[in-house]
Amino acid sequence: MTSPSLPEPAVPAPWGPAGTLPPIRITDVRAICTAPEGIRLVIVKVETSDPGLHGVGCATFTQRPMAVVTAVETYLKPLLIGRNPDDIEDVWQAAFHSAYWRNGPILNNALSGVDMALWDIKGRRAAMPLHQLLGGRSRRSADVYVHANGRDAAEVEDRIRAQMERGFRHLRVQMAVPGQASYGVGKPTETALGHQPTQSYRLALDQGSWEPRPYVRSVLDLFERLRGTFGDTVEMIHDVHERVPAVMAIQLAKDLERYRLFYLEDPFAPEDQEYLRMLRAQCATPIALGELYVSPHEYVPPIRDRLIDFVRCHISDIGGITPARKLATLAEFFGVRTAWHGPGDTSPVGHAANLHLGLHVPNFGIQEATLWGEPTRAVFPGCPDIRDGAMWANDAPGLGIDIDEAEAAKHPFPEHALNGAWPEIRRRDGTIIRP
Ligand code: GCO
Ligand code: MG
C-alpha cells in the first residue's frame, strides 16, 4: 500500500522543542502484518529523524486487519510525518479528531499502533522502561491467568492441575457442552512449554448449534465439582462471552456466587450493560467486562456507577496507552481494577503495553496471558517473560520489545475460511447469536 509522498512536514504543534533532548521528527509510519502462529497481527512501526530510533505499537484487529492497515498508511501516515514524536498527547488528539467520526475499532486500532510506538520512542529516548516513565512500579510483576479448557470436567481438572504445577494460580475455566459449538474450548493440544493455540475462530470446535440452557447447567455442575476438588487453592474465572439472554446471565451470576469466582466475564454484551444494575443488586459475584468496549460512551458509565469490578478493555481497541492510562486512573477512583484483555489476538507488543500499565497502576487486578511459542518469540525479540504465575518486564527502555521484520516476513497472513472472521454461531432454529 503506498501513501501520498510528503516532501514537507505536516502541521507541527505550534510550539518548539521542549527540554534538553535534541528535537526529532517522525519520518516514517508503517503497518507490518505477520501471523507467526496463525493469528493475524498488525504492528505499527514509527521511525524518526534520529537514525535507528523507532518505536512499535499494536494495531491488531484480527478480524479486520486490512482495514486497519489502510487507516494507518493512507490516513495517519500523511498526518504524522514531520511531527514531533515527543508530543504524544498532541499527536493523539490531532489524529483522533482528524477523522471527525471517531471511537470505532478500526480507527482506534490504527491510532493505538502509532500511540504505543510513540510511548516506546519516548522510553527509548529517556532510557527508561515504560513503567518508569509512567511513574514507577507498584509491584514487581503482574499476576496472570491462563486458560484451562476441557471437553469434559475430568479434562478441565487435569488442565487445572497441569497449570498449577507450572505455577499459575489464576485460571480461566471453560468446558465444552457435548454437541454444541461451545466458546473457549480449544483443542487439548499443547506443547511441553504449555503453549496453547488461542486462535479465536478455532475455539468454536464442536461444530453444531448452541443453546443457552444446557450451557448454563454445565457451568454450574463444573464449578460445583471444581470447588469440591480444589477447595480455595486456585482462583477461577469464567467467560460467558455475552452469549446468554441477559436475565439468564443474572441467574447464572447468582447461582455461581457460592463458588467464589475471581470474576465472571462478559455476562452481558456492551449493548445490554444496563442489566448490570440489576445483577449488582442481586449478588456479589465479581464482574469483569469491557473487551468489546471501544468508546468512553461505553466504559465510563459502568465504572462511574460501580457496576463492574474489573475493566477489561482491549487497549488497542480503545486507542492505545494514552486513553488506557486515563481509563485506569478513572477506575482507580471508583475502586475498579484493571484486567486488560490479553488473548492471542493481542500481539506481544500489546501484551507489553498491558504489562507496563499493570506494573504501574495501583489498581491492577489481573492480566490475561498468552503462552507464546517459539515462532512468536523469534518475531518479537523482548517478549515479556511469563513465570511463577506472573508476567515480568525486562529492563530495556520503552516497551522493551521489538519486531524482527525478516522473521515477521516468514509468516504472512494465512488464507482463512471466512477471511478470518468468526464462524457463524446459531441456535437450533438457525438464529445467529453473539460469538
Ligand atoms: C478473551 C476473549 C477472546 C476473544 C477474542 C476475539 O477473554 O480472551 O473473549 O478470546 O474471544 O479476542 O478475537
Ligand atoms: Mg473474553
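Only the coordinates and a few stated rules stand behind these numbers; no lab work does. As the structure is a prediction and not an experimental result, all values here were calculated from the model. Cβ sites come from the backbone with ideal geometry, for glycine too, and all protein chains shown count toward neighbours.
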Which residue, Trp101, Cys313, Ala35, has the largest displacement toward the positive end of the dipole of the chain when charges sit on each Cβ (Lys, Arg +1; Asp, Glu -1)? Cys313
Given the chain, what percent of its DSSP beta bridges are antiparallel, to the nearest 5? 50 percent
What nm distance separates the two modelled labels at Tyr75 and Thr233, each placed 7 Å from Cα along Cα→Cβ? 5.2 nm
Measuring from the longest principal axis of the C-alpha atoms of the chain, the long axis of helix 348-360 (C-alpha) lies at a number of degrees, nearest 10, equal to 90 degrees
Candidates His238, His97, His54; GNM for the chain (alpha-carbon contacts under 10 Å) flags as most fluctuating His97
How high is the relative contact order of the chain, in percent, counting Cα pairs under 8 Å that sit 6 or more residues apart? 21 percent
Zone residues, region 21-48, relative to Glu405, backbone N less than 20 Å from point 7 Å out along Cα-to-Cβ: 25-36, 41-48
What is the angle, in °, between the Cα long axis of helix 246-256 and the longest principal axis of the Cα atoms in the chain? Nearest 10 is fine, range 0 to 90. 70 degrees
Which residue, Pro51, Pro375, Pro301, tops the fluctuation ranking in a GNM of the chain built on C-alpha contacts under 10 Å? Pro51
So for the pair Ala126, Glu89, with labels modelled 7 Å out along Cα→Cβ, what separation do we get in nm? 1.3 nm
Rank Gly335, Gly365, Gly400 by mean-square fluctuation in a GNM of the chain with C-alpha springs under 10 angstrom and give only the top-ranked residue. Gly335
What longest range of the chain stays clear of loop-exposed GluC sites (Glu not before Pro) (DSSP non-H/G/I/E/B, at most 14 other C-beta within 10 angstrom)? 1-273
In nm, to one decimal, how far is the Ile432 label point from the Arg137 one, both placed 7 Å along Cα→Cβ? 4.7 nm
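Can you classify the chain as rounded, prolate or oblate using the Cα gyration tensor, where a ≥ b ≥ c are the square roots of its eigenvalues, rounded means a/c under 1.5, and otherwise it's prolate if a/b beats b/c and oblate if not? Don't skip to the answer; put the middle values down first.
On the way: a/c = 1.72, a/b = 1.67, b/c = 1.03.
Prolate shape, in that a/c is at least 1.5 and a/b is the bigger ratio.
Gain in length, Gln251 to Thr329, computed as 0.36 nm per residue apart minus the alpha-carbon separation, to one decimal in nm? Please list the in-between numbers first.
Values: separation 78, 0.36 × 78 = 28.08 nm, distance 3.18 nm.
Length gained, Gln251 through Thr329: 24.9 nm.
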Where does helix 212-230 land angle-wise versus the long Cα axis of the chain, in degrees 0 to 90, nearest 10? 90 degrees
Per-q log10 I(q)/I(0), region 336-435, q = 0.11, 0.15 Å⁻¹ (Debye; single scatterer per alpha-carbon; no solvent): -0.47, -0.75
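Within the chain, which is the longest segment that contains none of the chymotrypsin sites (Phe, Trp or Tyr not before Pro) sitting in a DSSP loop with at most 13 other Cβ atoms within 10 Å? Working shown, then result.
Values: sites that count: Trp15, Tyr100, Trp101.
Of all site-free stretches, the longest is 102-435.
Taking the Cα centre of region 338-435 as the origin, how large is its charge dipole in debye, to the nearest 20, when only Lys and Arg (+1) and Asp and Glu (-1) carry charge on their Cβ atoms?
Working: 7 positive and 13 negative charges, 112 e Å.
In total the dipole reaches around 540 debye.
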